[in-house]
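A short write-up of the structure that comes next.
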Amino acid sequence: MERRPATAELNVVLTSDRRVHALNLLYRGIDAPTDVLSFSQIEGETPIEVDPNLLGDVVIAVPTAARQAAVRGGQLQAEVELLTAHGVLHLLGYEDDTERGVRRMWKKQREALKLLYR
C-alpha cells in the first residue's frame, strides 16, 4: 500500500473547477466536479517510464476548496493543505471507496497535518 521512497517528488496543480470537472470526466468517467484528483506516475494500466521517485500529480480545484473552507469556517490555505495531503495519500496507495478505507485515510491525513503544523 504505502511506498516510502527516501526522496519523492510530486506536482501540485491549483486550477479551476471547470478544469477539474473535465479531468474527472476524461480520466474517471465521472461527469461531475470534485475537489481533488490524483494521477499516479507508477500505477495504472500503462505506467509511464519515469524517475521512480516521481509519485505523480495532485490537482486541486481552488474555487471548490474555497467554498469548502467557508462551509467549515476555515481558511483556504488549510483546505488546500488538507486536499494536498489527501491527494498524496492516494498516490501512496490509500483509498476512500470503503468505510474502512475512509477511516484509515482520514487518520493518516490527521497525522500528516499534525506534522505540518508542528
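The values are calculated or read from the model by the stated rules, or taken from the named source; none is laboratory data. What you see is a predicted model, and the numbers here were worked out from it, not measured in a lab. As a convention, Cβ positions derive from the backbone with ideal geometry for all residues, glycine included, and neighbour counts pool all protein chains shown.
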Kindly provide the set of residues from the stretch 84-102 that are in contact with a helix residue (DSSP H, G or I) (Cβ under 6 Å, 6 or more places away or on another chain) and of a type in the set (A, V, I, L, M), ordered by number. A85, L89
Subset of the stretch 14-64 (residues that are modelled with pLDDT of 90 or more, aliphatic (A, V, I, L, M) and either closer than 22 Å to Q77 by Cβ or in contact with a helix residue (DSSP H, G or I) (Cβ under 6 Å, 6 or more places away or on another chain) (or both)): L14, V20, I30, V36, L37, V58, V59, I60, A61, V62
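Among the helices (runs of 4 or more DSSP H) lying completely within the stretch 9-118, list those that include at least 2 residues that are surrounded by fewer than 19 Cβ atoms within 10 Å (Cβ to Cβ), of a type in the set (K, R) and free of Cβ contacts under 8 Å to residues at least 60 places away in the same chain.
Qualifying helices (runs of 4 or more DSSP H): 17-28, 62-72, 99-116.
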